[in-house]
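We did not get these values from a lab; they are worked out from the coordinates using the rules stated. Since we're looking at a predicted model, the values are computed, not measured. Virtual Cβ from ideal backbone geometry, glycine too; neighbours counted across all protein chains shown.
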Amino acid sequence: MENDKPKFIYVICQHGAEKTLREEVLANHAGLKLAFSRPGFVTFKAEEASLGDNFALKSTLARTWGWSLGKAIGDSADALAKQIVESSRFSTSVHVHVWERDPTLPGKNGFEPGVSPLATEVARMLAEANEHLAGSSTKQFNRVAGVDDCIFDVVMVEPNEWWYGYHIASHAAGRWPGGVPIIDTKVETFSRAYFKLKEALLWSGITIQSGDVCAEIGSAPGGACQLLLEMGATVIGIDPAEMEDEILKHEQFTHVRKRSSEVRKKDFSQVKWLVSDMSVTPTYTLDAIEEIVSHDRVSVTGVIMTMKLTDWKLVSEVPALMKRARDLGFKFVRSRQLAFNRREFCMVAVRDRFALRKSKRVKKVAPRPKKKSKVEDKPRESE
Ligand SMILES: C[S@@+](CC[C@H](N)C(=O)[O-])C[C@H]1O[C@@H](n2cnc3c(N)ncnc32)[C@H](O)[C@@H]1O
């Protein structure tokens, strides 16, 4: 059964983050009440009449969210797909995102978030069902949507229970299937920090240009430095631990084998982007960043921080941490538990939003009569 005016929202989060996500969302939104919860998938009832399509959920842990239209339950994938394509929203939507909720913590037993082969297969079934549907528009499945596009979501919560609904892609992560950027996770990296940094850049709009000077504190073994070097940056890695040989040999790389507090602050004078990924508390990280950026010879444009959640309770301190970053003179400050994060979240602080890449506004096209729907086996990487 499809609701005319959706009253429930579904929120996608990391497997295991749902308890803290519930507390965070309920603390930020008095008009929401807890409804249903599974690992990585939480729903809330919206009691405020004023919550419209453009309602923005305030949450660091929410990976993506949308308005629920209902759930399909059945014994076979065919039966579930049939129920979903009957939704009037489905027939008019241009973008359809299909994904499974995370089965475990990212990075555990080889699991990485993203559209699974099963979700691709289900997208193919929906595309096929769409071919036989009279009056339905042409569709793109699991492609990066444009800014402010309305996206039809299918969340495979259980093998026989698929929730469906929609959301407006009002921010970068809302444009990606399941809030996960399309990243090739088969590439060889020195650590998962490669994917974390890649996602942080895509989400925040920070663009590293060839020749930019970047410093990373907490740089060993070197996944994030690997990405920065691939982008043509000149990189200073600060860490008392050993870096990978291949990184050490790179002519654009310098290793400062020290703790951040032991580095002379004027050594950061050429640094444009500062990355921090230390295995320490968020307060320690911000203390270290403060010491560096408040030195009068230092003028970094922005900082990308991985904040370790040594305790889930630290999520309640996010607003205070963000205020601290703003007080350091950064006007654009955002936090998000990235899809590729583990028990941690990302905080970016940029001097000015003009330093950020603008999201491409994709020219709106009216739904066209049906052509073959696009399902790609190997999605292209997010821009
Ligand atoms: C999660 S690992 C970093 C992974 C790394 N970013 C990469 O790309 O592979 C955390 C690192 O923080 C380093 N670390 C902890 N405290 C530090 C400090 N005070 N200064 C510099 N590095 C520190 C540790 O030695 C460890 O190598």
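Within the set 19/45; 33/58; 186/272; 7/33, which residue pairs have Cα atoms separated by over 20 Å? Check vs 20 Å cut-off fails for 186/272.
What fraction, in whole percent, of alpha-carbon pairs in the chain exceed 35 Å separation? Above the 35 Å cut-off, the chain has 28 percent of its Cα pairs.
Once the Cα-Cα distance is subtracted from the 0.36 nm per residue extended length, the residue 352 to residue 88 segment shows a gain of 90.8 nm.
Label-to-label distance for residue 283 and residue 47 is 3.5 nm, based on points extended 7 Å past Cα in the beta-carbon direction. Modelled spin-label separation between residue 170 and residue 109, with each label point placed 7 Å from Cα along the Cα-to-Cβ direction: 3.7 nm. Considering only beta bridges that DSSP places wholly inside region 1-160, some 65 percent are antiparallel. When the chain is modelled as a GNM with alpha-carbon springs shorter than 10 Å, which of 14, 140, 270 fluctuates the most? Result: 270 has the largest fluctuation of those listed. Starting from the Cα gyration tensor of region 1-113, take the square roots of the eigenvalues, sort them a ≥ b ≥ c, and report rounded, prolate or oblate (rounded when a/c is under 1.5, otherwise prolate if a/b is larger than b/c, else oblate). Here region 1-113 falls in the oblate category. For the peptides 259-265, 95-101, residues were scored by their other Cβ atoms within 10 Å and the scores averaged per peptide; the highest-first order is 95-101, 259-265.
Taking every alpha-carbon pair under 8 Å whose residues sit at least 6 apart, the chain reaches a relative contact order of 17 percent. Between residue 23 and residue 158, the contour length at 0.36 nm per residue exceeds the alpha carbon distance by 46.2 nm. Each residue, residue 313 and residue 249, gets one label point 7 Å from its Cα in the Cβ direction; the gap between the two is 4.8 nm. Dipole magnitude for region 164-281: about 420 debye, using +1 per Lys or Arg Cβ and -1 per Asp or Glu Cβ, origin at the Cα centre. Size of region 193-355: Rg and Dmax of its alpha carbons, in Å, are 14.4, 42. The Cα atoms of region 189-243 cover 30, 22, 16 Å along the three principal axes, with the biggest extent listed first. Expressed to the nearest 5 percent, the antiparallel share of DSSP beta bridges inside the chain is 60 percent.
Just so you know, the Rg over Rh for region 143-273 is 1.11, from Cα atoms, with Rh as the Kirkwood radius. Here residue 150 and residue 210 are evaluated by their C-beta separation; at R0 = 35 Å the FRET efficiency comes out at 0.45.
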